[in-house]
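The values are calculated or read from the model by the stated rules, or taken from the named source; none is laboratory data. Note that this is a predicted model, so its numbers are computed, not measured. Note: ideal-geometry Cβ built from the backbone for every residue, glycine included; neighbour counts use all protein chains shown. Only protein heavy atoms, including side chains, enter the accessible area calculation; ligands, DNA and RNA are left aside. Shrake-Rupley method; radii C 1.70, N 1.55, O 1.52, S 1.80 Å.
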Number of protein chains: 2
Amino acid sequence: MDTAYRPTPRTTPTRYRERATYDRRAVHAILDEALICHLGYLSAGGPVVLPTTHARLDETLYLHGSTGGGPMLAAREAPAGLEVCVTATLVDALVLARSAMHHSVNFRSVVARGAARVVDDPAEKLRALRSLLDHIRPGRADDCRMPTGRELAATGVLALDLAEVSAKVRTGEPVDDPEDQALQHWAGLVPLRLTPGPPVPAADLDPAVPVPPYLA
Amino acid sequence: MDTAYRPTPRTTPTRYRERATYDRRAVHAILDEALICHLGYLSAGGPVVLPTTHARLDETLYLHGSTGGGPMLAAREAPAGLEVCVTATLVDALVLARSAMHHSVNFRSVVARGAARVVDDPAEKLRALRSLLDHIRPGRADDCRMPTGRELAATGVLALDLAEVSAKVRTGEPVDDPEDQALQHWAGLVPLRLTPGPPVPAADLDPAVPVPPYLA
């Protein structure tokens with residue numbers, strides 16, 4: 001398999017092309033780190049963007065939905081698959097420049113396009129749900145009650161093959177024009193990080209159940 | 001003005017309706033706290049979702065773009081405005097239940113739909129850019145070099161009236177079925193927070209420039 005996705009006109013940005021990458025490992029790392037993504041699809045001819053959870057398994061991106069949710073209903077009505085754009089974004093820093101113009105954000109994002117299919121096969125659906133659980137924290141799938149057949153049927157999962165995919169990354173310092181560098185406005189980065197706090201046990205959890213190692 | 005947005009069929013979720021709210025103050029708080037949003041629009045008939053920065057000014061949502069970027073080009077070609085869906089999502093906690101089925105995420109999201117217009121009036125554009133700067137950190141607009149006329153012309157801004165808007169919020173504990181409560185899997189919340197680190201001055205910043213109070 002190629003180490004990079006093949007660019008298409010749809011995955012070639014019109015601006016800041018130097019920030020685009022098609023490297024599979026870079027794309028995978030962003031998708032794997034992002035806790036949620038934003039799923040775009042058409043409903044009654046208009047764009048809809050909804051947050052959802054996802055997990056990558058090799059070159060398939062699984063998206064979690066409920067069977068009665070908008071994307072699942074739309075996908076059921078699209079026999080050739082539901083045309084989607086899935087975007088996952090990590091914000092790494094605020095970029096403050098001396099000039100208003102050059103303010104920016106350091107980020108890493110992935111945009112994946114294609115036709116998403118409804119996962120109906122119970123074995124694939126279970127695999128997808130395990131990936132979604134392990135995406136929360138690796139190890140979680142082995143440490144919870146697996147779905148019953150009825151629960152599995154009540155859970156919606158969409159699958160998107162990762163084929164038309166690009167990542168976009170901005171890193172590093174603010175870039176001010178030379179004539180602005182002597183201005184006395186503070187310039188630099190404010191790093192940002194999605195930080196987990198200490199786990200809070202459910203009120204009705206048996207106090208004898210310890211915090212599992214994958215949460216510590 | 002009503003204290004709530006008027007629900008429409010497009011802003012009524014098909015699932016978990018009890019999590020939906022149309023309260024203006026709740027919507028504003030989410031938009032104001034979210035650093036970025038995801039902008040959905042149609043390009044060549046297909047959905048596209050891109051991350052961008054935004055700022056709310058009363059009941060207008062301003063979106064930052066570059067003049068050559070996809071959404072700006074599409075908006076220029078849509079005289080009645082570009083049909084968009086703008087979604088901002090804050091992730092508050094991982095929700096771990098004893099059963100796979102009841103895993104979830106505590107989140108707050110806003111979905112705003114409508115026709116976005118290109119902001120061409122220089123005075124409104126400047127107001128929008130000041131809002132975008134103050135959205136990074138309140139006070140920043142007064143502490144940087146304002147754009148020149150040429151820079152202003154090179155910056156793209158879209159405006160969306162907040163009219164067809166809803167928020168969706170999940171809070172609180174995992175909800176397991178009664179028969180699962182005695183299972184010995186850990187259940188509870190892992191709180192998440194986008195945390196700023198200490199500001200990192202630009203390598204070429206005059207060391208005499210102090211970190212401004214709004215970043216401390």
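Tabulated results
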item: Simple spin-label estimate for B:LEU57 and A:ASP2 in nanometres, 7 Å along Cα-Cβ; result: 4.4 nm
item: Antiparallel DSSP beta bridges within the range A:54-128, percent to nearest 5; result: 100 percent
item: Distance-filtered residues of the range B:130-145 - backbone nitrogen under 20 Å, label point 7 angstrom along A:ALA182 Cα→Cβ; result: B:144-145
item: Ranking by accessible area, most exposed first, for A:ASP176, B:ASP204 with a 1.4 Å probe; result: B:ASP204, A:ASP176
item: Other-copy label distances relative to B:ASP2, 7 angstrom Cα-Cβ extension, nm; result: 5.1
item: Per-residue SASA entry for A:PHE107, accessible area with 1.4 Å probe, Å² rounded to 10; result: 40 Å²
item: Other protein chain Cβ atoms within 10 Å, averaged over every residue that makes up B:143-149; result: 6
item: Using a 7 Å Cα-to-Cβ projection, B:ALA78 label spacings across copies, nm, ascending; result: 1.7
item: B:LEU133 - accessible surface, heavy atoms, 1.4 Å probe, Å² rounded to 10; result: 10 Å²
item: Inter-label distance for A:ALA153 and B:MET146, nm, one decimal - labels placed 7 Å from Cα along Cα-to-Cβ; result: 6.6 nm
item: Exam field: A:ASP161 pseudo-label spacings to other copies (7 Å along Cα-Cβ), nanometres; result: 4.4
item: Whichever lysines have a C-alpha closer than 29 Å to that of B:LYS168, once near sequence neighbours (fewer than 8 apart) are set aside; result: A:LYS125, A:LYS168
item: Shape call, the range B:15-77: gyration tensor on alpha carbons, a/c limit 1.5; result: oblate
item: Rounded accessible area of B:GLU77 (nearest 10 Å², 1.4 Å probe); result: 150 Å²
item: Residue-averaged beta-carbon neighbours from other chains (10 angstrom radius) around B:84-97; result: 5
item: Rounded if a/c under 1.5, otherwise prolate or oblate - chain A, Cα gyration tensor axes; result: oblate
item: Burial order of peptide ranges A:67-74, A:156-163 (average beta-carbon count within 10 Å, highest first); result: A:156-163, A:67-74
item: Inter-centroid distance (Cα atoms) of the range B:49-67 relative to the range B:119-153, Å; result: 12 Å
item: Taking the range A:60-216 and dividing mean pair separation by its residue count, relative contact order in percent (alpha carbons under 8 Å, at least six apart); result: 34 percent
item: Other protein chain Cβ atoms within 10 Å, averaged over every residue that makes up A:98-108; result: 6
item: Helical contribution to [θ] at 222 nm, DSSP H n ≥ 4, -39,500 (n - 2.57), averaged over chain A, rounded to 500; result: -5000 deg cm²/dmol
